[in-house]
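Laboratory data are not the source of any read-out in this text; all were calculated from the coordinates shown. Only a predicted model underlies this, so the values are computations on that prediction, with no experimental measurement involved. As a convention, Cβ positions derive from the backbone with ideal geometry for all residues, glycine included, and neighbour counts pool all protein chains shown.
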Amino acid sequence: AMAEKDGFPHYMAKEIHEQGAVLRSTLKGRLTEQGVDLSEELDWSGEFVRSLKQVHLVACGTSYYAALVAERVLEQWTDLDVRVDIASEYRYRQVRVTPQTLAVFVSQSGETADTLAAQRKVRSLGARCLAVTNVRGATLAREVHDRLLLKAGPEIGVAATKTFMGQMATLYLLALKLGWDRGTLNPAEAERLAAALIQLPYQVERTLEREEQVRRVAEKYSKYDNFLYLGRGISFPVALEGALKLKEISYVHAEAYAAGEMKHGPIALLEPDVPVMTVMPRDSLYEKSLSNLQEAKARRSPLVAVATDGDDLVTRHVDDVLRIPWSDEVFSPFLSVIPLQQFAYHVARFRGREIDQPRNLAKSVTVE
Ligand code: G6P
């Protein structure tokens, strides 16, 4: 079994480590400095792409958080109206779709019952349906009009890690294609973004190498029973995913909030035994996150920040920092999620948890 895990003690550790390779494999053949080429998978005419009006992103669990990241990217790179829904909600709502609606179903397994049902519903109402999945022959992939594969390789750990990376990369490619083909991104900007995406696997690998800093922080915080995760903008879904990872494999209560919403409730929970993890890369909302962090500090919560290399200001305000390399704001989720995955993994180890087979959870939920 150790051999299948390439010498790692758990599949989750192996899969976290594979994330640079996963990104490379997802981008391979689909992206050059000249543009995005998805023509082998999507036979969309320019006319069809320009006719689109809305994008609906529908998913469950970690896939839903990848969709929340993609929502923000699609808003920036295209002029489309974007909405994101949890599949179990979407399937029972009065959703309006037309042939100008691209409905994107994000599902690692392609077998999640709620996601399948949501797809069947809006497909029958006339939406154009696209699956983003890791499994070529999955039910979802067979039923939709179009499909994009993650090419992440099989994921064994119940807690999704590398497929989150693959989902984000695939959805960024889709957003870049839509922005490029609709002319909402100017060519120079599109080329700059494509070049930055090509560099991402290296930055992911540089981030992965820093596991020891995360392990030490995880040891220090492994005794706490309640955590608040905060993030703003594109870092909000990353905070959600970080909290989910901690709940899933260490069984520690973790709640994630949009940092600006903390004052509307969760601040009442803060006290010295509730650590606050803030995802705050040096971006356009950094100052806002810093002021939220000071509100938490005033309640004497232990503070941990996921922050950018060279950001010395943050060290004056928090107890511990998990460092990530600098990146363009829009790409930071690929880097900032890594220390949070590693943090959850190491807290779970310090607590003696199962990790690859957490209690009560299934890799794919094929019943409603
Ligand atoms: C289960 C898994 C999660 C996963 C979710 C959605 O809850 O434990 O890791 O994110 O299902 O799965 P899907 O295959 O649709 O992405």
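Taking K and R as +1 and D and E as -1, what net charge do the other residues with C-beta under 15 Å from the C-beta of residue 213 add up to?
Values: positive: 206, 210, 215, 216, 220, 323; negative: 209, 211, 212, 219, 309, 311, 319, 320.
Residues close to residue 213 contribute a combined charge of -2.
Which percentage, to the nearest 5, of the DSSP beta bridges contained in the chain is antiparallel? Before the final figure, lay out the partial values.
Numbers: 2 of 43 bridges.
If I count the DSSP bridges inside the chain, around 5 percent turn out antiparallel.
Expressed as a rounded percentage, what relative contact order does the chain have, with Cα pairs under 8 Å and six or more residues apart?
With pairs under 8 Å counted, the relative contact order is 19 percent.
Among residues other than residue 270 whose Cβ falls under 15 Å from its Cβ, what is the net charge (Lys/Arg +1, Asp/Glu -1)? If you can, show how the numbers build up before the last one.
On the way: positive: 263, 297, 299, 300; negative: 225, 255, 261, 271, 273, 295, 319.
Computed value for this residue: -3.
How far is helix 211-221 tilted, in degrees, relative to the longest principal axis of the Cα atoms in the chain, given as a value from 0 to 90 rounded to the nearest 10?
60 degrees
Please arrange 112, 98 by counting, for each residue, the other beta carbons lying within 10 Å of its beta carbon, fewest first. The partial results should precede the final answer.
Values: 112 29, 98 12.
Ascending Cβ contact count within 10 Å gives the list 98, 112.
Go ahead and run the numbers for FRET between residue 319 and residue 268, Cβ-Cβ distance against an R0 of 25 Å, rounding to 0.05. Numbers along the way, then the final one.
Working: r = 21 Å, r/R0 = 0.86.
For R0 = 25 Å, the calculated efficiency reads 0.70.
For the residues 355, 86, 324, what sequence is obtained by ranking on other C-beta atoms within 10 Å, fewest first? Mind showing how you got there, number by number?
Values: 355 22, 86 16, 324 26.
With the fewest neighbours first, 355, 86, 324 line up as 86, 355, 324.
Which residue fluctuates most in the GNM of the chain (Cα springs below 10 Å): 238, 217, 306?
In the Gaussian network model the winner is 217.
Could you work out how far apart the two model spin labels at residue 43 and residue 253 are, taking each label as a point 7 Å from the Cα in the direction of the beta carbon, and quote it in nm?
Between residue 43 and residue 253, the label points sit 5.5 nm apart.
Given Cα positions, please report Rg to Rh for the range 8-141, the hydrodynamic radius being the Kirkwood one. Kindly include the intermediate steps, with their values, before the conclusion.
Working: Rg = 15.8 Å, Rh = 16.1 Å.
So for the range 8-141, dividing Rg by the Kirkwood Rh gives 0.98.
Compute the relative contact order of the range 21-164 as a whole-number percentage, counting only Cα pairs closer than 8 Å that sit 6 or more residues apart in sequence.
Values: 235 pairs, mean separation 34.0, N = 144.
Result for the range 21-164 is 24 percent.
Distance in nm between label sites at residue 186 and residue 226, each 7 Å beyond Cα in the beta-carbon direction?
Rounded to a tenth, the inter-label distance reads 5.1 nm.
Quick check on the chain: helices-only [θ] at 222 nm, where DSSP H runs of length 4 and up contribute -39,500 (n - 2.57) each and the sum goes over total residues. Nearest 500, please.
Details: 13 runs with 162 residues, N = 368.
It comes out at -14000 deg cm²/dmol, rounded to the nearest 500.
Taking the Cα centre as origin and putting +1 on Lys and Arg beta-carbons and -1 on Asp and Glu beta-carbons, what dipole magnitude results for the range 153-308, to the nearest 20 debye? Please list the in-between numbers first.
Values: 19 positive and 19 negative charges, 50 e Å.
The dipole magnitude comes to about 240 debye.
Where does helix 162-182 land angle-wise versus the long Cα axis of the chain, in degrees 0 to 90, nearest 10?
The helix 162-182 is inclined about 50 degrees to the chain.
Could you tell me which residue out of 296, 313, 339 lies farthest along the dipole of the range 276-355 toward its positive end? Charges go on the beta carbon: Lys and Arg +1, Asp and Glu -1, centred on the Cα centre.
Of the options given, the answer is 296.
Take every DSSP beta bridge whose two residues both sit in the range 210-293, then give the antiparallel share in percent to the nearest 5.
Details: 0 of 10 bridges.
Rounded to the nearest five, the antiparallel share is 0 percent.
So which GluC sites (Glu not before Pro) in the range 258-363 pass both tests, a DSSP loop state and at most 14 other Cβ atoms within 10 Å of the Cβ? Display every interim value, and only then the final one.
Values: sites: 261, 287, 295, 329, 354; in loops: 354.
When the GluC sites (Glu not before Pro) of the range 258-363 are filtered for loop state and at most 14 Cβ neighbours within 10 Å, 354 remain.
What does the charge count around residue 342 come to, taking other residues whose C-beta lies under 9 Å from its C-beta (Lys +1, Arg +1, Asp -1, Glu -1)? Please report the intermediate quantities before stating the final value.
On the way: positive: 210, 215; negative: 211.
Within the 9 Å Cβ shell, the charges total +1.
At a Förster radius of 56 Å, what calculated FRET efficiency corresponds to the Cβ-Cβ distance of residue 50 and residue 367, to the nearest 0.05?
Details: r = 40 Å, r/R0 = 0.72.
In this case the efficiency is close to 0.90.
Please check: in the Gaussian network model of the chain (C-alpha springs, under 10 Å), which one of 265, 35, 61 has the largest mean-square fluctuation.
Ranking 265, 35, 61 by mean-square fluctuation puts 265 first.
Between the helical axis of 286-298 and the dominant principal axis of the chain, each derived from Cα atoms, what acute angle in degrees is found, rounded to the nearest 10?
40 degrees
How much length, in nm to one decimal, is gained on full extension between residue 156 and residue 328, taken as 0.36 nm per residue of separation minus their Cα-Cα distance?
Result for the pair: 58.8 nm of gain on full extension.
If you put +1 on each Lys and Arg Cβ and -1 on each Asp and Glu Cβ, how big is the dipole of the chain around its Cα centre, in Debye rounded to 20? Each step should come with its number before you reach the end.
Working: 46 positive and 49 negative charges, 126 e Å.
Computed charge dipole of the chain: roughly 600 debye.
Projected onto the charge dipole of the chain (+1 at Lys/Arg Cβ, -1 at Asp/Glu Cβ, origin at the Cα centre), which of 360, 45, 326 gives the Cα projection farthest towards the positive end?
Final value for the positive-end residue is 360.
Considering just Cα atoms, how many Å³ per residue does the convex hull of the chain enclose?
Working: hull volume 49.3 nm³, N = 368.
Residue-normalised Cα hull volume stands at 134 Å³.
Take the alpha carbon atoms of the range 165-234, find their center, do the same for the range 25-102, and report the distance between the two centers in whole angstrom.
So the two Cα centres are separated by 17 Å.
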